[in-house]
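A short write-up of the structure that comes next.
The values are calculated or read from the model by the stated rules, or taken from the named source; none is laboratory data. Since the model is a prediction, treat every value here as computed from it, not as a measurement. For neighbour counting, all protein chains shown are included, and Cβ atoms are generated from backbone atoms with ideal geometry for every residue, glycine included. Ligands, DNA and RNA are stripped out before the accessible areas are found, and what is left, the full protein with its side chains, is counted by its heavy atoms. Shrake-Rupley method; radii C 1.70, N 1.55, O 1.52, S 1.80 Å.
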Amino acid sequence: MSIAATEDTAERLARLKQTIEDLLKEAKRRGATAAEASVGSSAGLEVSVRLGEVETVEHTRDNGLGITVYFGNRKGSASTSDLSTGALRDAVKAACAIAEHTQEDPCAHLADAALMAAEIPDLDLYHPWHLGVEDAIEIAAACEDSARGFDPRIVNSEGASLSTHTGIQVYGNSHGFVAGYPTSRHGLSCAVIGQEGESLQRDHWWTSARAAADLDSARMVGDRAAERTVARLGSRRIPTCQVPVLFRAEVATGLIRSLVSAIQGGSIYRRTSFLLDHLGERIFPEFVRIHEEPQLQRGLSSAPFDGDGVATRAKDLITDGVLLTYLLDAYSGCRLGMKTTGNAGGVRNLRIVMGDLDRAALLREMGTGLMVTELMGHGVNPVTGDYSRGAAGFWVEGGEIRHPVEEITIAGNLKRMYAGLLAVGNDCDFSGSTRTGSWLIDKMTIAGE
């Protein structure tokens, strides 16, 4: 059930809107032809427990404001965490001073007024968790206790952490658009260490949601962390080979993030993307559809408007394997001679249409190969798409897991990997703003012994 903003939240929202309006007036008074500003205020609680003892208890309260002014096509920006009247005026003054010394840029302007969000729908994003410190510690401790008691091979712990945050975001510009909304986000995570003989392994699990009621239980998170850790005991290297690779669901999200990075407007107009000039081309097999749902109820990255004030909308990035759109804000759209796609500030709630195969069926489909459960390093070349990452996972033969694997490197090229996607599983079992099942890639190079 949606939790309406309390009177206190409503008052803070109104106060921050007034702050934006005052900033815009001050910018106009100083001669700016246009201006935009955003302000955020957040508060939260974070606790961590390790080996049954409280490690940290942290209360947070943060403010942040950014102001951008335009003098024709000259732009200046400034930011501050001090929301006092004097500090805000100083921020506007600093932004105006910077604009005086910048070169003219024909794309330095606000998004079209006609694209501003006309309505601000309730996306059910605000569910404050009125949790006391002792209760938070109890939940985190229960999570770690469950993990430590799961198997005698769990010999140590990196701890369990619980966090709960609420905030308000407001954006406005000199088109007369000023809007904001409250949000909440809660999370619980745990990481433990297992040992069997000389083999020592670590793994973790987590849950995250807008509403506390949507979180997995402390026991479930702890048990999952321990289960993953124990499964990795006895890991060893494998010979160098070329085989099919199954990226388990939570790891496959990284392949989607690489796609997003490659089709962001900044990468395209700077010509630093391996998908440059691929708009309208098939880059995945025909069964692939990837879409954005920015106004998903309770979505972890939902928003009614983007960082330019432009209304967000659902859209396909990939349909029938074909790249349909770049991800553009007002500036990058202008640089490319295209219209903004409402993606200032990023992409929100990505989904890939999942197939009919569960994880066991995907392993049978693969036959012999590698299932990747962890990636290390940042070996992705955004210009060429070359991909090389340290990895760990499980060796599979005859469609069944044979033993865990570590200290290997997997390599390929993202364009080739996307084209070689054989199946997307239906085994998404984690919380996150990007939702996907496991990806089965036809062939990659494994560097091992």
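With each run of n ≥ 4 DSSP H residues scored as -39500 (n - 2.57), what mean residue ellipticity at 222 nm is computed for the chain after dividing by its residue count and rounding to the nearest 500 deg cm²/dmol?
-7500 deg cm²/dmol
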In whole Hz, the Karplus estimates of ³J(HN,Hα) for the range 207-213 (6.51, -1.76, 1.60; θ = phi - 60°; x where Gly or Pro) are 8, 8, 6, 6, 10, 4, 5
Could you work out how much longer the chain between Asp22 and Ile120 gets when fully extended? Use 0.36 nm per residue separation minus the Cα distance between them, nm to one decimal. 33.1 nm
In whole angstrom, and with the biggest value first, how far do the Cα coordinates of the range 1-123 range along each principal axis? 59, 33, 27
Return the ratio Rg/(2.2 N^0.38 Å) for the chain, where Rg is computed over Cα atoms only. 1.09
Which residues' amide hydrogens lie under 5 Å from the amide hydrogen of Tyr181, considering only partners 5 or more residues apart or on another chain, with H built in the peptide plane? Gln169
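Could you state the accessible area per residue of the chain in Å², with a 1.4 Å probe and every protein chain left in place? Please list the in-between numbers first.
Details: 20010 Å² over 449 residues.
It amounts to 45 Å² per residue over the chain.
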What relative contact order, as a whole-number percentage, does the range 1-155 give when Cα pairs under 8 Å and 6 or more residues apart are counted? 22 percent
Using modelled backbone amide H atoms (1.01 Å from N, in-plane), which distant-in-sequence or interchain residues come within less than 5 Å of Thr312's amide H? Phe305, Asp306
The range 63-206: D in µm²/s via Stokes-Einstein (Kirkwood Rh, Cα pairs, 20 °C, 1.002 mPa s)? 107 µm²/s
Sorted by chain and number, the residues with a modelled amide H under 5 Å from that of Val155, at a separation of 5 or more or across chains, are Ile193, Gly194, Gln195
Compactness index (Cα Rg / 2.2 N^0.38 Å), the range 287-418: 1.33
If each residue of separation counts as 0.36 nm, what is the full-extension length gain between Thr85 and Glu397 once their alpha-carbon separation is subtracted? 105.6 nm
Run the quick spin-label model on Glu198 and Glu138: label points 7 Å from Cα toward the beta carbon, then report their separation in nm to one decimal. 4.6 nm
Calc'd 3J(HN,Hα), the range 283-300, phi into Karplus 6.51 cos²θ - 1.76 cosθ + 1.60 (θ = phi - 60°), Hz, glycine/Pro = x, comes to 10, 10, x, 5, 7, 8, 9, 10, 9, 10, 10, x, 10, 5, 4, 6, x, 5
Measuring from centroid to centroid over Cα atoms, what is the spacing of the range 242-303 and the range 139-217 in Å? 25 Å
Looking at this model, which pairs from Lys75/Lys315; Lys28/Lys315; Lys17/Lys75; Lys93/Lys315; Lys339/Lys443 are more than 28 angstrom apart at the alpha-carbon? Lys75/Lys315; Lys28/Lys315; Lys93/Lys315; Lys339/Lys443
³J(HN,Hα) across the range 119-136 via Karplus (A = 6.51, B = -1.76, C = 1.60, θ = phi - 60°), whole Hz, x for Gly/Pro? 10, 10, x, 7, 9, 6, 9, 10, 9, x, 10, 7, 10, x, 4, 5, 5, 5
Percent relative contact order of the chain, based on C-alpha pairs within less than 8 angstrom and at least six residues apart? 15 percent
Could you look at the range 288-390 and say what percent of its accessible area is carbon and sulfur, using a 1.4 Å probe and all protein chains? 50 percent
Charge tally for neighbours of Ser42 with beta carbon under 9 Å away, counting Lys, Arg as +1 and Asp, Glu as -1, is 0
